[in-house]
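Read the structure below first, then the notes.
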Amino acid sequence: MKKRSLLSQAAAAPHIVWSVLFIIAPLLFVAYYALTDADGNFTLSNFGSLFTAEYLEIFLRSACFAFLATVICLVIAYPVAYFISKTSPKTQKLLIVLVMLPQWMNFLIRTYSWMAILEDTGIINTVLGWVGLGPVHMINTAGAVILGMVYNFLPYMILPIYTSLSKLDPRFVEASADLGCNAFGTLLHVILPLSRSGIISGITMVFVPSISTFYISQKLGGGNFDLIGDTIERQFQSAYNYNLGAAISFVLMVLIIVSMTVMNRFGEEEGGVVA
Amino acid sequence: MEKNKIIELKGVAKEYDGEIVLDSIDLDIYDKEFVTLLGPSGCGKTTTLRIIGGFVKPDSGELLFDGVSVIDVPPHKRPVNTVFQKYALFPHLNVYDNIAFGLRLKKMPEKEIYDKVEEMLAMVNLRGFEKRNVNLLSGGQQQRVAIARALINSPRVLLLDEPLGALDLKLRKDMQNELKNIQKKTGITFIYVTHDQEEALSMSDKVVVMANGAIQQIGTPTDIYNEPVNAFVADFIGESNILDGEMLRDFRVKFAGTEFDCLDKGFEPNEKVDVVIRPEDVDVVAPDKGMLCGVISSVTFKGVHYEIIVNIGGFKWMIQTTDYAAPNSKIGLYIEPDAIHIMKKSEFSDMFGDYSTYSEEMDHLSDLTEEEMEYLSELTEEEEESE
């Protein structure tokens with residue numbers, strides 16, 4: 001390979017500096033803290049202390065909640081994205097803005113709003129009270145936490161699926177119909193497989209923030225459902241145990257890398273057969 | 001042999017955004033026919049095909065299959081299959097699964113599917129390509145897969161939408177023969193859409209020439225070529241010199257300031273007509289022996305013949321001849337009665353048929369310097385004076 005010119009090296013420099021400063025250095029810090037004790041001596045005890053029932057439960061719960069939130073997002077987002085992709089180009093733009101609109105508001109405010117909606121004396125229960133139903137206890141339940149995740153991350157599922165569906169050549173749908181496939185069969189055998197890349201990036205973009213999120217569970221789960229993100233936050237903000245916090249972050253990172261690898265493997269697989 | 005009407009279009013019309021794409025067309029298609037819809041882009045031929053396939057619903061009119069209306073039948077329930085423009089092979093399926101798609105939907109046992117797919121692959125010369133990724137096939141191979149994928153369902157009618165459009169010339173010729181053979185072998189009715197007149201003439205049993213959303217002429221390739229009904233058809237199919245003429249009486253026509261014998265009759269006395277003379281039907285003779293006389297303005301060597309543009313009284317004729325004649329020399333033209341074809345005046349009259357804006361000549365002119373252009377224009381002025 002030819003040696004790269006001085007100019008191209010110079011052009012790459014800012015990016016390299018950026019990467020070292022803000023990606024590699026923090027990762028090294030995390031690794032350093034995770035592998036040392038409070039006095040700076042090498043130790044594996046930070047990881048050892050994670051193998052307790054308490055932490056395992058937190059990891060397991062986080063994974064479960066994130067999985068459920070991702071599945072629910074997918075189920076909601078696919079029809080929405082499909083519907084948007086079928087409207088006129090002008091309407092598509094408008095609907096995409098509407099999908100993104102809540103994201104213009106602050107994450108904390110959005111989550112607080114859900115508290116006001118779900119509380120025992122909140123909007124939903126007030127309305128239910130008027131018609132003589134309820135109150136239904138919703139706040140501080142696992143459902144409320146998952147709802148918070150779904151609400152916050154849904155756009156990141158809709159957008160990539162919408163993108164892949166809007167790029168889908170309508171001739172494939174016509175070809176399927178031409179070969180005798182009804183609308184549902186076409187969805188199953190043609191549209192779904194051809195939008196797989198969108199589905200996979202959607203799953204990635206919802207699962208990763210869901211499994212590492214904090215705050216949602218504190219506000220909508222009332223502290224009953226500790227998640228990894230909250231635990232890490234606590235180590236840094238109140239327990240001042242940087243070493244344990246770093247170790248948990250490290251495990252979370254590995255967890256995400258493993259699940260993404262599995263996801264991508266699934267994505268690369270040769271498209272199946274018509275059932 | 002009494003042929004069965006398999007498809008009937010009656011008064012089918014379609015508008016898009018107020019623009020008329022199909023203007024009430026009537027068309028009958030018979031069993032085992034190779035029918036070609038021929039016309040320039042925007043003439044409505046693809047829309048007609050898509051209406052038959054069920055992908056476009058006409059605004060008005062009737063579409064019958066075996067005498068039964070199918071206007072409200074969705075595409076997946078029609079006994080037709082389509083070979084799409086650019087093929088539309090499913091990119092997530094391999095060659096085998098693409099071809100097997102239709103049969104799997106019919107819940108045919110896998111063993112039978114296997115046999116039929118193999119049979120199809122053999123027919124389109126793609127044995128051994130079962131596991132190939134369709135995205136990595138050449139254009140010609142994709143084309144064959146698309147044909148196999150459609151034909152395996154044993155449709156009554158196969159619709160082909162410019163299927164050879166993306167292939168290079170050599171491959172086109174091979175595929176034309178192959179398609180014609182497949183059609184003969186299977187006995188399936190083919191409805192073929194193309195803008196390539198040569199393709200239409202060489203493959204079809206019946207050609208439907210379309211323009212401006214209307215059918216201009218329906219006939220066998222020889223009918224269409226020899227007896228075009230109007231200036232559009234005459235110009236679109238092959239090369240034509242189309243002149244303003246006057247039908248003096250039966251078998252006698254006047255054009256280019258001269259009277260000729262012809263084989264046409266049934267016009268009003270002195271009716272204005274369009275006269276078609278094919279470039280290959282004109283004999284080049286010595287100036288004093290010609291019925292018409294003119295000066296050659298350009299000569300192009302085409303391999304089998306020379307293409308000569310002759311200026312006769314300001315109208316530029318195209319003549320195809322195997323004898324060379326030098327530019328700027330004077331020649332005579334001799335026209336047999338059977339070389340003259342008379343057509344009624346139509347909306348297309350005066351739009352086609354003069355080779356004064358002939359593209360090759362224009363290309364040639366644009367290469368000249370200003371000086372040369374001046375010289376050339378002086379030369380033409382002299383010519384006109386000498387006449």
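Against the test of being at positive phi and not assigned by TED's automatic domain parsing to the domain that holds A:Val262, the options A:Gly180, A:Gly198, A:Gly202, A:Gly221 yield a single qualifying residue, A:Gly180. Exactly one residue out of A:Leu194, A:Leu227 is under 28 Å from A:Tyr78 (Cβ atoms), under 24 Å from the mean Cα position of the chain (by Cα), within 13 Å of another protein chain (Cβ to nearest Cβ) and surrounded by 15 or more Cβ atoms within 10 Å (Cβ to Cβ): that is A:Leu194.
Looking only at residues of region B:80-103 that are assigned to a helix (DSSP H, G or I) and β-branched (Val, Ile, Thr), we find that the one that is nearest to B:Asn135 (Cα to Cα) is B:Val95. Here A:Asn140 meets each of (1) under 22 Å from the mean Cα position of the chain (by Cα); (2) on the phi < 0 side of the Ramachandran plot with one exception, condition (2).
Kindly establish whether B:Glu227 is surrounded by fewer than 21 Cβ atoms within 10 Å (Cβ to Cβ), touching a residue at least 40 places away in the same chain (Cβ under 8 Å) and under 29 Å from B:Asp26 (Cβ atoms). Against the criterion (surrounded by fewer than 21 Cβ atoms within 10 Å (Cβ to Cβ), touching a residue at least 40 places away in the same chain (Cβ under 8 Å) and under 29 Å from B:Asp26 (Cβ atoms)), B:Glu227 qualifies. Considering A:Ile203, A:Ile211, A:Ile216, the condition of being surrounded by 22 or more Cβ atoms within 10 Å (Cβ to Cβ), under 18 Å from the mean Cα position of the chain (by Cα), more than 14 Å from chain B (Cβ to nearest Cβ) and closer than 30 Å to B:Asn98 by Cβ is satisfied by A:Ile203 alone. Taking the conditions (1) more than 30 Å from B:Ala214 (Cα to Cα); (2) facing another protein chain (nearest Cβ under 10 Å); (3) touching a residue at least 12 places away in the same chain (Cβ under 8 Å); (4) among the aliphatic types (A, V, I, L, M) in turn, B:Val95 satisfies each one other than (2). Within region B:21-28, identify whether any single residue is within 24 Å of the chain's Cα centre (by Cα), part of a helix (DSSP H, G or I) and more than 14 Å from chain A (Cβ to nearest Cβ), and answer yes or no. No, region B:21-28 contains no residue that is within 24 Å of the chain's Cα centre (by Cα), part of a helix (DSSP H, G or I) and more than 14 Å from chain A (Cβ to nearest Cβ).
Highlighted here are the strands (runs of 3 or more DSSP E) found entirely within region B:182-246 that include at least 1 residues which are closer than 30 Å to B:Leu121 by Cα and not assigned by TED's automatic domain parsing to the domain that holds B:Lys265: B:189-194, B:206-211. In region B:105-119, the residue that is farthest from the other protein chains (Cβ to nearest Cβ) out of those that are more than 36 Å from the chain's Cα centre (by Cα) and more than 14 Å from A:His189 (Cβ to Cβ) is B:Asp115.
Would you check if A:Phe59 is more than 19 Å from A:Met253 (Cα to Cα) and out of contact with any helix residue (DSSP H, G or I) (no Cβ under 6 Å at 6 or more places or on another chain)?
Working: more than 19 Å from A:Met253 (Cα to Cα): no; out of contact with any helix residue (DSSP H, G or I) (no Cβ under 6 Å at 6 or more places or on another chain): yes.
When the stated conditions are applied, A:Phe59 does not pass them.
Of the strands (runs of 3 or more DSSP E) contained entirely in region B:288-339, not one carries at least 1 residues that are more than 26 Å from B:Met351 (Cα to Cα) and at pLDDT below 90.
Condition check: over 26 Å from the mean Cα position of the chain (by Cα), in contact (Cβ under 8 Å) with a residue 60 or more places away in the chain, more than 19 Å from B:Thr194 (Cα to Cα) and at the interface with chain A (Cβ under 9 Å from one of its Cβ atoms). Does B:Leu89 satisfy that?
Working: over 26 Å from the mean Cα position of the chain (by Cα): yes; in contact (Cβ under 8 Å) with a residue 60 or more places away in the chain: yes; more than 19 Å from B:Thr194 (Cα to Cα): yes; at the interface with chain A (Cβ under 9 Å from one of its Cβ atoms): yes.
Yes, satisfied.
Screening B:Thr47 with (1) part of a helix (DSSP H, G or I); (2) closer than 20 Å to B:Glu199 by Cβ; (3) within 12 Å of another protein chain (Cβ to nearest Cβ); (4) not basic (Lys, Arg) gives one miss only, at (3). Exactly one residue among B:Gly44, B:Gly102 is within 21 Å of B:Phe190 (Cβ to Cβ), small (Gly, Ala, Ser) and over 27 Å from the mean Cα position of the chain (by Cα), and that residue is B:Gly102.
Looking at region A:241-275, which of the residues that are outside any helix (DSSP H, G or I) and at pLDDT below 80 is farthest from the other protein chains (Cβ to nearest Cβ)? Among those residues, the one meeting the criterion is A:Glu269. Screening region A:32-104 for helices (runs of 4 or more DSSP H) wholly inside it with 2 or more residues that are outside the structural domain of A:Phe207 (by TED's automatic domain parsing) and surrounded by 11 or more Cβ atoms within 10 Å (Cβ to Cβ) returns the ranges A:45-48, A:53-86. Counting only helices (runs of 4 or more DSSP H) that sit wholly inside region A:134-186, those with at least 1 residues that are away from every other protein chain (no Cβ under 14 Å) and in contact (Cβ under 8 Å) with a residue 12 or more places away in the chain are A:142-166.
Each residue in region B:55-77 was checked for being loosely packed, with under 14 Cβ neighbours inside 10 Å, within 28 Å of the chain's Cα centre (by Cα) and either assigned to a strand (DSSP E or B) or within 14 Å of chain A (Cβ to nearest Cβ) (or both), and 2 pass.
All conditions but one from (1) of a type outside the set (D, E, K, R); (2) out of contact with any Phe, Trp or Tyr (no Cβ under 7 Å at 6 or more places or on another chain); (3) part of a strand (DSSP E or B); (4) on the phi < 0 side of the Ramachandran plot apply to B:Gly11; the one that does not is (4).
Can you name every residue in region A:139-185 that is β-branched (Val, Ile, Thr) and farther than 19 Å from A:Leu74 by Cα?
Residues of region A:139-185 that are β-branched (Val, Ile, Thr), as a first pass: A:139, A:141, A:145-146, A:150, A:158, A:161, A:163, A:173.
If the condition is that a residue be β-branched (Val, Ile, Thr) and farther than 19 Å from A:Leu74 by Cα, then A:Ile139, A:Thr141, A:Val173 are the ones that fit.
The values are calculated or read from the model by the stated rules, or taken from the named source; none is laboratory data. Just so it is clear, the structure is predicted and the values come from calculations on it, not from any experiment. Every residue, glycine among them, receives a Cβ derived from its backbone with ideal geometry; neighbour counts consider all protein chains shown.
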